[in-house]
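Data first, discussion second: the structure below is written as structure tokens.
The values are calculated or read from the model by the stated rules, or taken from the named source; none is laboratory data. What you see is a predicted model, and the numbers here were worked out from it, not measured in a lab. Here the Cβ positions follow ideal geometry from the backbone for every residue, glycine too, while neighbour counts run over all protein chains shown.
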Amino acid sequence: MAKMKSVADSKYVVFDGMDGSGKGTQIELLKKKFPDVVFTYEPGGTPFADEIRKIVRDNPLAGKSTPLNNFLLFWAAREELLHNLIVPSLQSGKHVFSDRGDSSTFAYQIYGEQNSELMSPFFEMRKLVFEKVGRQSPHLYIVFDLPAEVAHARVMAAGGSKRNHFDTRKLDYYERVRAGFRNFAAHVDTVVFMDAEKTPEEIHEIVLRALAMRNILAT
Ligand code: TYD
């Protein structure tokens with residue numbers, strides 16, 4: 001008799017990386033292949049979290065607020081998404097694949113935007129949300145990694161209309177974000193890096209292997 005999938009088998013996987021890393025292309029390929037997986041994204045993913053997204057991502061006033069406020073807003077959107085979508089989906093036996101997660105807050109707010117004073121609040125927030133409140137933390141982070149120059153050039157080549165205010169940043173910002181993802185992996189042991197300079201097809205195969213190796217999805 002086939003083994004029934006238990007709730008404990010459901011996994012929460014975060015896909016992350018610099019803008020221009022090809023993360024979006026990989027997620028689209030996974031969406032086509034795995035229709036039963038719940039796909040979501042940060043910031044946003046529920047009606048209320050999408051409202052927070054509009055503030056932190058699209059409202060220029062966010063840029064005028066404090067780094068701590070922006071940091072808290074990303075965590076507020078995350079708590080909403082965990083409570084209303086991620087945890088219930090896992091409980092219903094589904095895998096959840098998220099486009100970005102707390103790894104982005106670490107890489108962007110602390111490293112990219114150079115707010116080292118947020119390092120200790122970051123780990124306090126992780127403790128609060130994932131341990132004290134007990135939300136499920138990601139079982140795996142897949143980070144698409146490539147040289148900052150390549151990612152920056154890809155975003156610049158994508159042209160004006162597709163860009164948001166996060167995309168007009170300079171090369172040194174990308175370098176810091178890349179270092180941020182690497183440092184995140186020094187603190188959290190469930191992070192794997194993918195070489196995002198390979199072709200989309202090659203990367204897709206490597207992602208599928210990484211998921212299969214961890215018994216998340218068999219191809
Ligand atoms: P989005 O249009 O969703 O971009 P992408 O397709 O690159 O994910 O914009 C999200 C932007 O928000 C992206 O530049 C990264 C940034 N971000 C943070 O700065 N901190 C965070 O915690 C998260 C989740 C995203």
**Request:** Being within 11 Å of the ligand (Cβ to nearest atom), charged (D, E, K, R) and assigned to a helix (DSSP H, G or I) is the filter here, so list the residues in region 79-129 that pass it.
**Result:** 102
**Prompt:** Any residue at all in region 131-152 that is surrounded by 17 or more Cβ atoms within 10 Å (Cβ to Cβ), among the hydrophobic types (A, V, I, L, M, F, W, C) and modelled with pLDDT under 95?
**Reply:** no
**Prompt:** Inside region 183-207, can you point out the residues that are in a helix (DSSP H, G or I), within 18 Å of the chain's Cα centre (by Cα) and touching a residue at least 24 places away in the same chain (Cβ under 8 Å)?
**Reply:** 183, 184, 185, 187, 203, 204, 207
**Request:** Please tell me if residue 216 is in a helix (DSSP H, G or I) and either over 21 Å from residue 75 (Cα atoms) or of a type in the set (Phe, Trp, Tyr) (or both).
**Result:** no
**Message:** Need the failing condition index for residue 43 against (1) assigned to a loop (DSSP other than H, G, I, E, B); (2) under 21 Å from residue 215 (Cβ atoms), just the number.
**Reply:** (2)
**Request:** Please give the number of the condition residue 76 fails out of (1) under 14 Å from residue 126 (Cα atoms); (2) buried (at least 23 other Cβ atoms within 10 Å of the Cβ).
**Result:** (2)
**Prompt:** For residue 170, all conditions in the list (1) among the basic types (Lys, Arg); (2) under 17 Å from residue 13 (Cα atoms); (3) away from the ligand (no atom under 13 Å from the Cβ) hold save one; what is the number of the exception?
**Reply:** (2)
**Asked** What tally of residues in region 34-65 results from selecting those that are closer than 28 Å to residue 201 by Cα and in contact (Cβ under 8 Å) with a residue 60 or more places away in the chain?
**Response** 4
**Fill in**
Within region 6-40, residues out of contact with any Gly (no Cβ under 8 Å at 6 or more places or on another chain), assigned to a strand (DSSP E or B) and either of a type in the set (A, V, I, L, M) or more than 19 Å from residue 177 (Cβ to Cβ) (or both) come out as 12, 13, 38, 39, 40
**Complete:** Per the filter on region 35-49, residues of a type in the set (D, E, K, R) and either surrounded by 20 or more Cβ atoms within 10 Å (Cβ to Cβ) or closer than 8 Å to residue 77 by Cα (or both) are 42
**Item:** Residues (touching a helix residue (DSSP H, G or I) at 6+ places or on another chain (Cβ under 7 Å) and within 20 Å of residue 212 (Cα to Cα)) located in region 15-29
**Value:** 15, 16, 25, 26, 29
**Message:** Among the numbered criteria (1) more than 24 Å from residue 212 (Cα to Cα); (2) more than 11 Å from the ligand (Cβ to nearest atom), which one does residue 140 miss?
**Reply:** (1)
